[in-house]
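Inspection log for the structure reproduced underneath, given as structure tokens.
Rule-based calculations on the coordinates, nothing more; no lab input. For clarity, every value in this text was computed on a predicted model and none was experimentally measured. No Cβ is skipped: glycine too gets one built from the backbone with ideal geometry, and neighbour counts run over all protein chains shown.
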Amino acid sequence: MALGVFICRCGGNISGTVNCEEVRDAVKDMERVTTAQVTDFLCSKPGLQVIRNAIQRRKLDRVLVACCSPHMHERMFQNVVEEEGMNRYQLVHVNVREQCSWIHEKGATEKAVNLVKGGIRRALALDPLEEKEVELCRDVLVIGGGVAGITAALQLSEGGFKVNLVERNPSIGGRMAQLSKTFPTLDCSPCILSPRMAEVGNDKNITLYTGAEVVDLTGGPGNYKALVKQKARGVDIDKCLKCARCSTVCPTEVPNEFEEGLYPRKAIYLPFPQAVPSAYVIDFENCQRCGNCVEACPAKAVNLDDEDKMIELDIGSVIVATGFDLIDEEKLRSYRPEHPGVVNALQVERLIENELTEGKVLTTKDGDRIKSIAYVLCAGSRDPHRGVSYCSAVCCPYTIKQAVLLKKYLPYLKIYIYYTDMRMIGRGFEDFYREAREKGVFFIHGRPGDQERGRARGALVRDGAPGWRR
Amino acid sequence: MRYAVFLGCTIPSRQMNYEQSARAVSEALGIELVDADFGCCGFPIEPIDEVKALSMAAMNLKKAQEKGLDVVALCSACGEMLAKAEETLEKDESTAKNVNRLLSKQLGLEYSGERPRVIHFARMLYEDVGTERIRSMVKRPLGGLKIATHPGCHYVRPSTLSGGFDDPEFPHSLDELVEATGAEAVDYVGKEDCCGGGILAVREDVAKAMTRKKLETLSGKVDAMVLICPFCGIMYDRYQKLMGAEMEKEFGVPVLYYPQLLGLALGIDPEELGFDVNSVSVDGVLEKAGV
């Protein structure tokens, strides 16, 4: 066994914090280490020549390179040692840049020594490997049936792949199906999404599992086994006529998830008009099993004894497209989320769809007309103390979208937007922002400290500064 | 339970009712408060010289360390300063070196090793004693009293120092402590607002406007305001009286330190709770509490 160790300075990227010569001296006398060298830019032609020469002159059968991440150049180093007659799998690539010199100021040299010593142990334990071709499963599992999962499934199908699309809810569509319009062009969201949802339903390459969740995934790339639990639907999707007779006779009312709890639904219900699969579903958690729906169904599609199913899938790869959720309101108690005048942005989307496009006005619970609305941006974003430290990058534009829509339907509304920074990064966003200002939307720089309900207003937001309120 | 008690400068000179009631309540709850010859926490000079401020804090912490005791601070600003010193000395090696250099030069001291825990008196009651235990020891439930709490700025902030024991934007621990006495903690707008004390030395008019705002919100709506910081106490109690005289009006918002309220609930003689130091009359509260 003869091992060569090559340490790269990377033009200061590594040698700026790691003393490369010290690393070399720490390992050069280790057993089986035939040569240990420090080089500038190991990946350059002269750098690679150093490795080539050493393999030839010293008859190396193992090579360790200590440089950047294997993602950068491992394959190239493997090719080089192979060209010199070595087995490519007896090359060990130690990362002393991304995982060492770039992230440590103190102790980087010590860590680099340890990493290289570990790499040497590994190099000495390596057997030469032979490459073989094996058959892999080409089927794909897509987790999540929102717009991302739908797009992935359709594109894979177009490429000739079989797709298993698993969605937790009774219909695909996800968050985008709940939205009224898209920004900044104010296109109709359902008009973009619904045809694609229907395509998924008709695509012969796509098998759709709704009301289902992946509970286990074993195996490895090219050869996974997925265990999918599909909840009982209670309604035969092929027989269901969508005649609504079942929901008319259903005695149970619960908040509708699709409407963000603003409106009720029955225990047997159609998730939303454009749902795919286009069929009713029973919410067995709330169903009282009275049997009214079974009697009312003219197609005999309802089965109260339907059971959960476990489905095993053989797949080669997985795409995770599980989407997003709103922050837990409990973390934002200072904004009084429990107050009836306080709603979240998804609820506003549903209010626009259900009230404003129907020609109604927004009212409080007591029936008073809402005359002003305040938006609190960054609620839980960019706030490591109680939310997340990052920016969603969509709140600013969708707020402007909603403000512009609200102004269109209800021009008398006074809209105040409390913002941290207006991050209008995207084509046409800045024009959209200007449009909102031209339409008379007020923009106020700052986060509100507290809020109270005013009589003629939905929610009165109060700034933290004393003597200053709107 | 034994703690080194950190009084700071303001309480022993201007807000003795806080100290007196805190000692009385601790005794009733079986908590021993040990005096450790502390000096100033360093907070007032922090904006001018951080290393000197941290050195003053470290000198105090060393005294607690020598006694092997954790520290409870009555004053929110002292609590924050001492906790901040603990964190900075732990995490920032170069500042710790500068602090120890100054300490050794001037006092021949070095502060290192096992560091005592620093918490606010109210947090000690909330976390270490617990509202359940307090509730069980109440002899004179204060049902019928409507209390507005004022947590103040430094009690739960910065959130990195308070270890997440309460929501920095919407603190509830003081309300829970008030409710443990049987009184009702009412929600009101502006609970999070600053008392104005922080700016008093620079712009008295602004400070008074801030104080007045909250007093006007609460006037006539609550039986008393409960707080846990001597600066807040000066603003809401002392300045309420001064502003009332200037404006020829009575706000009529009695201002109690939490241990004063708790003391009443625990059945302690009001004479021992320092009510004679309160500027705004607390007779209404005492009457409603049935004392």
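Using Cα atoms only, what is the angle between the long axis of helix A:70-83 and the major principal axis of chain A, expressed in degrees (0 to 90) to the nearest 10? With rounding to tens, the tilt is 40 degrees. The order of A:Asp236, A:Asp308, going from fewest to most other C-beta atoms within 10 Å of their C-beta, is A:Asp308, A:Asp236.
All other residues with a Cβ under 14 Å from the Cβ of A:Val27 taken together, and with Lys, Arg as +1 and Asp, Glu as -1, what is their net charge?
+2
Shown for B:Asp223, A:Asp306: other C-beta atoms within 10 Å of each C-beta, ranked fewest to most, produce the order A:Asp306, B:Asp223.
Global dimensions of the range B:1-54 from alpha-carbon coordinates: Rg and Dmax equal 13.6, 41 Å. Label positions at B:Glu248 and A:Val134, each projected 7 Å from the Cα along the C-beta direction, are separated by 9.6 nm.
Taking amide hydrogens as placed 1.01 Å from N in the peptide plane, the amide H of A:Leu141 sits under 5 Å from those of A:Asn164, A:Gly316, A:Ser317, A:Val318, A:Ile319, each at least 5 positions away in sequence or on another chain. Its Cα centre serving as origin, the range B:245-287 has a Cβ charge dipole (Lys and Arg +1, Asp and Glu -1) of approximately 200 debye.
Which shape class applies to the range A:347-423: rounded if a/c is under 1.5, otherwise prolate when a/b exceeds b/c and oblate if not, where a ≥ b ≥ c are the square roots of the Cα gyration tensor eigenvalues? Prolate is the answer for the range A:347-423, as a/c is 1.5 or above and a/b outweighs b/c.
For chain A, the 222 nm mean residue ellipticity estimated from helices alone, with every DSSP H stretch of n ≥ 4 adding -39500 (n - 2.57) and the total spread over all residues, rounds to -8000 deg cm²/dmol.
Cross-linked pairs A:Lys204/A:Lys309; B:Lys52/B:Lys146; A:Lys266/A:Lys414: Cα-Cα separations exceed 32 Å for B:Lys52/B:Lys146; A:Lys266/A:Lys414.
Protection proxy ranking for A:126-135, A:205-214, using the average of other Cβ atoms within 10 Å per residue and placing the highest first: A:205-214, A:126-135. Considering only A:Gly160, B:Ala201, A:Ile120, the residue lying farthest towards the positive end of the dipole of the protein assembly as shown is A:Gly160, judged by Cα position with unit charges set on Cβ. In terms of other Cβ atoms within 10 Å, A:Thr363, A:Thr399, B:Thr181 run from fewest to most in the order A:Thr363, A:Thr399, B:Thr181.
Computed per residue of chain B from DSSP H runs no shorter than four, each worth -39500 (n - 2.57), the mean residue ellipticity at 222 nm is -13000 deg cm²/dmol. Partner shielding of B:183-193 amounts to 3, given as the average count of beta-carbon atoms from other chains within 10 Å of each residue beta-carbon. Seen from a random direction on average, the alpha-carbon convex hull of the range B:1-118 projects onto 7.2 square nanometres.
Looking at the range A:1-40, the GluC sites (Glu not before Pro) that sit in a DSSP loop and have at most 14 other Cβ atoms within 10 Å of their own Cβ are A:Glu31. In terms of its alpha-carbon gyration tensor, the range A:117-252 comes out prolate; a/c meets the 1.5 threshold, and the first ratio a/b outweighs b/c. With a/c under 1.5 counting as rounded, go ahead and sort the range B:150-278 into rounded, prolate or oblate using the C-alpha gyration tensor (a ≥ b ≥ c being the square roots of the eigenvalues; past the cut-off, prolate if a/b is larger than b/c, else oblate). Oblate is the answer for the range B:150-278, as a/c is 1.5 or above yet b/c matches or exceeds a/b.
Considering only B:Leu264, B:Val277, B:Met243, and ranking their Cα positions along the charge dipole of the range B:224-285 that arises from unit charges at the beta-carbon of Lys, Arg, Asp and Glu, the one farthest toward the positive end is B:Met243. Considering all C-alpha pairs of the protein assembly as shown, those separated by over 37 Å amount to 63%. Between the amide H of A:Arg62 and those of A:Ala2, A:Gly4, distances stay under 5 Å, these residues lying 5 or more places away or on another chain, with hydrogens modeled in the peptide plane. Look at the alpha carbon pairs under 8 Å that are at least 6 residues apart: their mean separation over the length of chain B gives a relative contact order of 21 percent. Considering only C-alpha atoms, what is the centroid distance from the range A:70-132 to the range B:198-214, in Å? Each part reduced to its Cα centre gives a spacing of 64 Å.
Computed from the C-beta positions of B:Thr217 and B:Arg101, the FRET efficiency with R₀ = 56 Å rounds to 0.70.
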